[in-house]
1. So, counting K/R as plus one and D/E as minus one, what does the shell of residues with Cβ under 11 Å around residue 297 add up to?
2. Mind listing the phi-derived Karplus ³J(HN,Hα) values for the stretch 123-136, rounded to whole Hz, using 6.51, -1.76 and 1.60 with θ = phi - 60°, and x for any glycine or proline?
3. Find how much the distance from residue 530 to residue 551 grows on full extension, using 0.36 nm per residue of separation minus their present alpha carbon separation; answer in nm with one decimal.
4. Above 18 Å lies some portion of the pair distances; for the stretch 57-126, what is it as a whole percent of all C-alpha pairs?
5. Using R₀ = 56 Å, calculate the FRET efficiency as 1/(1 + (r/R₀)^6) where r is the Cβ-Cβ separation of residue 601 and residue 642; round to 0.05.
6. Could you go through the stretch 334-347 in sequence order and give the Karplus-derived ³J(HN,Hα) for each residue, using 6.51 cos²θ - 1.76 cosθ + 1.60 with θ = phi - 60°, rounded to whole Hz, and x for Gly and Pro?
7. Of 100/486; 486/528; 192/243, which ones are farther than 30 Å apart at the Cα?
8. Counting only residues 5 or more places away or on other chains, whose amide H sits under 5 Å from the amide H of residue 186 once H atoms are built in the peptide plane?
Amino acid sequence: MATKRGKALTDDELCTKLDGLIRRSVGWYSSTLSTERMKVMEFYEGERPLKSKRGQSSYISTDVYDSVEAMSAQLIETMASGRKIVQFAPKGPHAIKQAKMATAFADFVFFRQNPGENILQTVVKDGLLARAGVAMVYWDEAEELEPFELPEPVLLAQLKADPEIVVYDNELEDATPDGEWVTGKVCRKVDKSQIRIEAVPPNEFGCSQRARSLETAPLVYRRVKKTRAQLLAMGVPEGQIKKLGHDDEDLKDDEETVRFQSVEENGLDGDDTAEDADSFWCYECYVRHIDIDGKGARLWKVTKASNYVLSKEQVKQLPFVSFVPIKQPHRFWGSNYAARVIPVQLAKTALTRSIVDHTIVTNTPRWQIVNGTLRDPKELFDPRLGGGVNVNRPDGIIPLPQQPLNPFVFQTIALLDADNEDTTGISRLSQGLNKDALSQQNSGAMVEQLTSNSQVRQKVIARNLANDFLIPLYRMIYHLTIENEKQQRILDIAGDWVQVDPSQWSEEVDVVASLHLGYGEIEKQAQKWVGVHQMFLSSPAIAHMYGPDKQYAVLQKLLEVGGTPDIQTYLTPPDQAQPPPPNPEIAFKDREIKVKEAGVQLDKEQWEFEKTERQLKLKFEQSKVENKKTMDEAELALRVDKHEHDKVVDAAEIKVMQDTAKTAEKTAITAMASPN
């Protein structure tokens with residue numbers, strides 16, 4: 001089913017709605033909050049309370065100033081002392097490097113591209129004096145013209161066709177008769193766009209009544225005076241500027257006047273009045289609950305001057321981050337820190353003035369004089385030391401009775417100081433001003449515990465500053481950088497210069513704050529890491545897992561806790577470290593050991609050689625015996641064989657002889673038988 005579209009508002013209708021919301025807003029020039037801020041500023045500057053009668057002491061206690069300065073000094077020292085209070089947290093091991101880059105880049109934007117420490121001081125002071133300190137964060141599109149000399153003749157048409165070059169004809173000279181080639185000076189457009197962070201004055205900021213937070217407020221706005229020239233630069237037609245109404249031209253900015261009245265002679269002079277007549281209030285409004293285009297209520301940014309809409313566009317988020325020191329539930333505007341000290345300043349001023357007045361009256365009393373006692377009344381009032389007074393009777397001059405000073409005055413002042421400590425959370429102990437606590441009877445641990453306990457409220461306000469102001473500020477810097485930053489930068493990350501490319505960062509990021517506020521807490525954190533390092537080194541079960549890279553990481557954390565993030569100035573990373581040169585004594589001992597080891601080895605080799613030689617001789621003797629035995633056995637076998645052979649030969653010879661004998665016998669017989 002199609003959603004029915006509403007009717008879009010005209011610019012006149014939009015201005016009418018916005019004017020009504022602005023006049024009913026908290027922060028409007030005549031609101032209760034504005035009146036309170038002016039009163040607090042007068043007490044902070046030491047201009048109130050006024051003297052109640054002529055001749056009274058003009059002493060003014062500075063409790064509001066002292067309380068605000070003590071609290072702001074502690075907060076600013078904690079947040080801007082060089083320690084990384086706010087850091088981007090990686091969402092895994094693969095994102096550790098990116099988180100470090102994002103932290104370094106956000107620090108670069110806040111503290112170097114913008115006056116970060118000055119912004120912190122202003123926001124903290126505004127929060128303590130005006131219930132809330134506000135800063136505005138936005139991307140500023142800007143460019144500058146940088147003149148340079150053409151090194152050689154260039155085609156004029158080519159110069160004019162280049163969008164990055166601005167050509168001024170009066171700065172060019174013809175290099176050729178036809179004028180096509182020129183030399184001289186031209187200007188190059190240089191992109192100076194960056195993230196701007198501004199502390200918004202309390203009198204320029206406002207939001208809807210009963211706003212619970214800026215994120216849910218129907219209207220959040222900032223108003224700034226713009227001159228006619230500034231409106232022309234913003235693109236407003238001259239004819240439209242003439243039609244702008246001065247609905248607020250008779251309304252001076254009273255808060256601005258109070259802020260500068262202590263350094264100005266007579267307030268605004270004629271030149272300022274003339275400038276105001278040519279100025280207009282310009283409102284940058286962020287509205288949520290108005291259907292501007294007929295498509296439903298969304299977050300819109302509308303910039304208007306009087307009854308003219310300069311621009312309107314949809315935006316994703318508010319450009320404001322705020323610091324509320326003393327929060328109140330379900331309400332954006334918290335309690336006024338400084339206003340709670342005003343009763344103490346009033347009471348202490350009255351009591352101290354009475355002490356001073358009583359002292360003056362006691363030192364210079366009034367006299368009752370019997371008529372005719374003085375010969376010359378001027379002598380009594382002559383302030384010369386040791387001056388004489390001629391009298392007619394010694395008992396004719398008597399000082400008027402003076403009531404003694406109330407003995408409870410000083411006790412009351414002490415009670416007021418204690419009440420001020422309870423109200424503000426700033427104690428004399430935490431400021432090192434309590435001489436009784438820092439006596440010899442109290443141990444260092446007891447003083448440390450007392451001081452840490454006295455700073456609880458400071459810690460709460462410091463966490464409000466970190467969690468509600470710095471973390472959203474860094475997150476806003478991160479997203480604006482991803483959306484708009486096109487330049488790569490070289491930044492120092494833990495002593496290592498790294499090229500940072502924000503276009504490669506992921507959209508999702510976590511920001512964490514690490515606060516160590518209090519007496520000796522930084523030293524405690526540092527000592528904790530020293531103990532971890534020593535424990536890992538001394539434990540046999542862990543030492544083999546605690547290599548050089550792990551030791552380097554622990555020492556880096558130790559230096560960061562102490563406020564020295566550049567570890568590479570003092571230690572070389574393990575992967576870049578060269579082997580240490582040998583110690584001469586150790587090298588000499590090593591050589592002695594090596595010589596001894598070589599001698600032992602040589603003796604061992606000699607013993608092995610002799611052993612081998614003995615074994616060879618033994619084997620040789622055994623071989624000789626074996627050979628002799630073999631020869632004897634062979635000779636014996638040869639003899640046996642010869643004997644056997646001789647037996648065979650003898651047997652054959654005997655047989656031959658027997659056969660010969662038989663043959664001869666047969667022959668003889670035959671011969672005998674046959675004589676012929």
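1. Here the count lands on +1.
2. Result, ordered by residue: 5, 5, 4, 4, x, 6, 9, 10, 6, 8, x, 10, 10, 10 Hz.
3. Value of the extension gain: 6.5 nm.
4. 54 percent
5. The calculated FRET efficiency here is 0.40.
6. Whole-Hz 3J(HN,Hα) from phi for the stretch 334-347: x, 7, 8, 4, 6, 4, 5, 8, 4, x, 5, 5, 4, 5.
7. Violating the 30 Å limit, Cα to Cα: 486/528; 192/243.
8. Sorted by chain and number, the residues that satisfy this are 148, 150.
FYI, it's all coordinate maths here, none of it is from the lab. Quantities reported herein were computed from a predicted structural model and do not represent experimental measurements. Methodologically, a virtual Cβ is constructed for each residue, glycine included, from the backbone with ideal geometry; neighbour enumeration extends over all protein chains shown.
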